[in-house]
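Undergrad: Before I ask anything, here is the structure I am working with.
Just so it is clear, none of the values below were taken in a lab; they were calculated from the coordinates. Worth saying up front: this structure is predicted, and the values here are computed from it rather than measured. As a convention, Cβ positions derive from the backbone with ideal geometry for all residues, glycine included, and neighbour counts pool all protein chains shown.
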C-alpha cells in the first residue's frame, strides 16, 4: 500500500530503542510520549483531517481507562478482553456524542464547546458514581503477568504502546489513501461545497469521530494498565483534552506523523523546562501553551509543514538555479 | 424540600450568584458579538483578576470593591494588549486559529498563576462578609446584594459606552459590518482590541465582586468559564440582554439543582442545560437566526 514504507521505518527505529536505552526513567518518558502521541492521533483523525476541533477528547480517553479498569476490578474480566471492550466503549461514546452534535449541525466553536461540556459531565459523574470508585478512584490489582496485560519490564510496555501507535499510523495512512479520507478532507475545507457535490457530511464526520474516539480510548486503556490507577481528574480532566489537541496541532494537523512529532517535541521541551527551572507544578503547561501560540503564529501547518515547506522552497530554488 | 421556606431563599441566592455569572458572561458575549471568537482565555483572566483583588487586599489593604476601580482599568489595558499583540497577530483572522490561540493563552495564564502561587486556596476576611439583611422571611448576605446591584450598574455603564460614545458606535459598526466599517476609516484592529479590553474589564469587576464571598486558586476560573459559556449560549451569542437574563436563569438552575441533587451534582444541571440548548436551539433564547 502507498506510503506504508516510512511508517515501517519509523516504527522499526523506535522498536530498537529499548535495545540501546536501558534506563527506566528514559523508557518511562518514552512510554508517556508515545501514549500522548496515540491520544493525539485520535484527535488528528477528527480534527486534523476532518477539521472538527474537539476540546473534550478526554471523554474518550477516560471512558477507555475506566472501562478497562472497572471490568477487571469489579467484574473479574481478564485485562485483554477488558482492553478491547474499553476501546469499543470509547468508540461508542464517540459515536453517541457525534450523532447528537453533528445531527444538531454544530460546527467550529460550538462543536469545541459542546465536546468540552460532555467531558465535564462525564468527569462530574465519575467523581460521584460508586461504580468508578467516586472520589477515591479505581485501583487495578498488581499482577505482573502477560496474561493480566501487566509486565515487569518497561521495555515490554513500550513495545505494546508502540504497536498501538503503529496501528494508529496505518489507520491514518489508510484514511489518506481511501475515498473516505478524500470526503473527510473535503468536509474540512468546505462543508457546504462538499455536500453540494454529494458527500454525506454527517456520515463522514460521524465515522471520523468514531475512529477518532476509538484511538484515543486505546490510549486510555493503556494508561489504566500502565499506571494501574484511574480517577476522575486523570480520566476526564481537561489536561488530557489539551494534550490530545496540542500534539497534532504542533506536529502538523492532518499529517500521519504530526501527532508523533508533536508529542516528542512537547514532551522533550517539558523535560528541558523541568531540568532548567526545577520540578514545579504548571511549568510543563506554560511551555506547552507558549509553543501552541508560537506554532499557530509562525508555523500554521505545524512543524512538519514547516520542514516540508522549507524543503519545497529549497527544491524550487535549486530548479530555478538550474534553469537560470 | 418543596416548601417555600427553602425554595424562595434558594431562588433568591441563585439570582444573586447568577448576577455575577451574568457579568462574566457579559464580557464573553461582548467579545463574541464583535470579534466572533469564543474567548477561552476568559476564565483564566477571571482567575488572574481574582488574584489581583486578593493581593490588593493582602498587600495594600484595599477592599475588593475599592480595588475594582483600580483592577478594572488595569485589566482593560491587559485585554487590549493581549488582543493587539498576541491573539490578533497570531491567529490572522482564522476562526480555528483564534480558538487555539485563546486556549493557548488560557493555558499559559492559568499555569503561570499555578507556578507562582501553587495550588493553595486563598480567601480574604472582611468584617461584613457574613452580615445579612432580612428580606421578607429570609436573609441575604450583604456582599451578594452589593454584587447583584453592581452588576446592573456595570451593565448600564456598558450600555452608555456602547450607545453614547464614538468608540461605542465604532464597536457596533464593526460588529454589524466589518468591511464597511473599515472602508469608512474605522481602525478595526484598534476596535477589536478595545472590545477585548472592555470584555476583560467586565470580568475583572466580576472578580472583585466575587472575592468577598469566594475563594481563589489557579483553577477557579475553569468552573466559571463553562458556566459563562452556558449563559452566553442560552442568551444567544453576542446578545447583552441575553447574557443578563441567561445569567440569572443559570444561577437559579444551579441553586435548585444543588438543592435537589446535592452540591457536587449541582453543576451537572448547568451542563445539561448547556448541551440541551446547543443541541436544540444553538442560537439561544434571544439570538437571531444563524
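Undergrad: Can you give the translational diffusion coefficient of the range A:84-220 in µm²/s, computed by Stokes-Einstein from the Kirkwood radius over Cα pairs at 37 °C and 0.692 mPa s?
TA: It comes out at roughly 188 µm²/s.
Undergrad: Starting from the eigenvalues of the Cα gyration tensor, five times each then square-rooted, give me the equivalent ellipsoid semi-axes of the range A:175-261, largest first, whole Å.
TA: Each semi-axis is the square root of five times an eigenvalue, giving 30, 14, 12 Å.
Undergrad: So what is the 222 nm mean residue ellipticity for chain A from helices alone, if each DSSP H run of at least 4 adds -39500 (n - 2.57) and you divide by all residues, rounding to the nearest 500 deg cm²/dmol?
TA: Value at 222 nm, helices only: -25500 deg cm²/dmol.
Undergrad: Taking only Cα atoms, what is the 0 to 90° angle, nearest 10, from helix B:42-60's long axis to the longest principal axis of chain B?
TA: Long axis of B:42-60 versus the principal axis of chain B: about 60 degrees.
Undergrad: Right, here's the next one. Using only the alpha carbon atoms of the range A:1-143, find the Kirkwood hydrodynamic radius as the inverse mean reciprocal pair distance, in angstroms to one decimal.
TA: 17.5 Å
Undergrad: Using alpha carbons only, how many angstrom separate the centre of the range B:70-98 from the centre of the range B:13-31?
TA: Comparing the Cα centres of the range B:70-98 and the range B:13-31, I get a distance of 21 Å.
Undergrad: Please check: in the Gaussian network model of chain B (C-alpha springs, under 10 Å), which one of B:277, B:240, B:227 has the largest mean-square fluctuation.
TA: Result for chain B, Cα springs under 10 Å: B:277 fluctuates most.
Undergrad: For the range B:100-211, report the translational diffusion coefficient in µm²/s to the nearest whole number, using Stokes-Einstein at 20 °C, 1.002 mPa s, and a Kirkwood Rh over Cα pairs.
TA: Translational D for this selection: 122 µm²/s.
Undergrad: Using only Cα atoms and rounding to the nearest 10 degrees, what angle (0 to 90) does helix B:95-117 make with the longest principal axis of chain B?
TA: 50 degrees
Undergrad: What number, in percent, do you get for the relative contact order of the range A:4-241 if the mean sequence gap of Cα pairs under 8 Å and at least 6 apart is divided by its residue count?
TA: 42 percent
Undergrad: Over all residues in A:57-67, what is the mean tally of Cβ atoms on other chains that come within 10 Å of each residue's Cβ?
TA: Counting Cβ atoms of other protein chains within 10 Å of each residue's Cβ and averaging gives 0.
Undergrad: Which three extents, in whole angstrom, do the alpha-carbon atoms of the range B:20-220 cover along their principal axes, largest first?
TA: Per principal axis, max minus min of the Cα coordinates gives 56, 41, 29 Å.
Undergrad: Beyond 11 Å, what percent of the Cα pairs of the range A:183-226 remain?
TA: 65 percent
Undergrad: Calculate the tail of P(r) for chain A: the fraction of all Cα-Cα distances greater than 34 Å, expressed in %.
TA: The calculated P(r) of chain A puts 22 percent of pairs beyond 34 Å.
Undergrad: Classify the range A:202-324 as rounded, prolate or oblate from the Cα gyration tensor: take a ≥ b ≥ c as the square roots of its eigenvalues, call it rounded if a/c is under 1.5, otherwise prolate when a/b beats b/c and oblate if not.
TA: oblate
Undergrad: For chain B, what's the relative contact order in percent, using C-alpha pairs closer than 8 Å and at least 6 residues apart?
TA: The value is 37 percent.
Undergrad: At a 10 Å Cβ-Cβ cut-off, how would you order B:8, B:268, fewest neighbours first?
TA: B:8, B:268
Undergrad: Okay, next question. If the chain between residue A:88 and residue A:8 were fully stretched, how many nm would it gain, using 0.36 nm times the residue separation less the Cα-Cα distance?
TA: Between residue A:88 and residue A:8, full extension yields an extra 26.2 nm.
Undergrad: On C-alpha positions alone, give me the angle between the axis of helix B:142-164 and the longest principal axis of chain B, in degrees, nearest 10.
TA: Value to nearest ten degrees: 20.
Undergrad: OK, next. Quick one: B:202, B:208, fewest Cβ neighbours within 10 Å first, how do they rank?
TA: Ordered by Cβ neighbours within 10 Å, fewest first: B:208, B:202.
Undergrad: Could you tell me the largest-minus-smallest coordinate of the C-alpha atoms of the range B:1-86 on each of the three principal axes, in descending order and whole angstroms?
TA: That gives 54, 39, 17 Å along the principal axes, largest extent first.
Undergrad: Then there is this: At 25 °C and 0.890 mPa s, what whole-number value in µm²/s does Stokes-Einstein give for the translational diffusion of the range B:212-270, with Rh from the Kirkwood sum over Cα pairs?
TA: Once the numbers are plugged in, D ends up at 202 µm²/s.
Undergrad: Give the Cα extents of the range B:1-44 along the principal axes, in whole Å, largest first.
TA: On the principal axes, the range B:1-44 reaches 46, 19, 13 Å in Cα extent.
Undergrad: Can you work out the FRET efficiency for the pair residue A:276 and residue B:276, with r the C-beta to C-beta distance and R0 = 51 Å, to the nearest 0.05?
TA: 0.60
Undergrad: Along Cα→Cβ, 7 Å out, is where each label goes; now give me the distance between the ones at residue B:95 and residue B:132 in nm to one decimal.
TA: Placing both labels 7 Å along Cα→Cβ, they lie 4.8 nm apart.
Undergrad: For the range B:141-290, what ratio Rg/Rh do Cα atoms give with a Kirkwood hydrodynamic radius?
TA: Radius of gyration relative to Kirkwood radius: 1.01.
Undergrad: Neighbouring Cβ atoms within 10 Å as the yardstick, rank A:74, A:312, B:122 fewest first.
TA: A:312, A:74, B:122
Undergrad: If each DSSP helix of 4+ residues adds -39,500 (n - 2.57) and the sum is divided by the residues in chain B, what number results at 222 nm, nearest 500 deg cm²/dmol?
TA: It comes out at -25000 deg cm²/dmol, rounded to the nearest 500.
Undergrad: Report the Cα centroid-to-centroid distance between the range A:5-46 and the range B:177-196 in angstrom, as an integer.
TA: Spelled out, the Cα-based centre of one part sits 47 Å from the other.
Undergrad: Would you look at the GNM of chain B, springs on alpha carbons closer than 10 Å, and say which of B:226, B:85, B:103 moves the most?
TA: Result: B:85 has the largest fluctuation of those listed.
Undergrad: For the range A:108-147, just say rounded, prolate or oblate: build the C-alpha gyration tensor, square-root its eigenvalues into a ≥ b ≥ c, call rounded for a/c under 1.5, and beyond that prolate if a/b exceeds b/c, oblate if not.
TA: oblate
Undergrad: Given labels modelled 7 Å from the Cα in the Cβ direction, how far is it in nm from residue A:24 to residue B:139?
TA: 5.8 nm
Undergrad: Still on this structure, please answer the following. Considering all alpha-carbon pairs of the range A:239-279, what whole percent are spaced by more than 14 angstrom?
TA: The share of Cα pairs beyond 14 Å in the range A:239-279 comes to 48 percent.
Undergrad: Let me ask something else about it. Most fluctuating residue of B:244, B:183, B:12 in a GNM of chain B with Cα springs under 10 Å: which is it?
TA: Its mean-square fluctuation being the largest, the pick is B:183.
Undergrad: Oh, and also: Rounded to two decimals, what ratio of Rg to Rh does the protein assembly as shown give with C-alpha atoms and a Kirkwood Rh?
TA: Expressed as Rg/Rh, it is 0.98.
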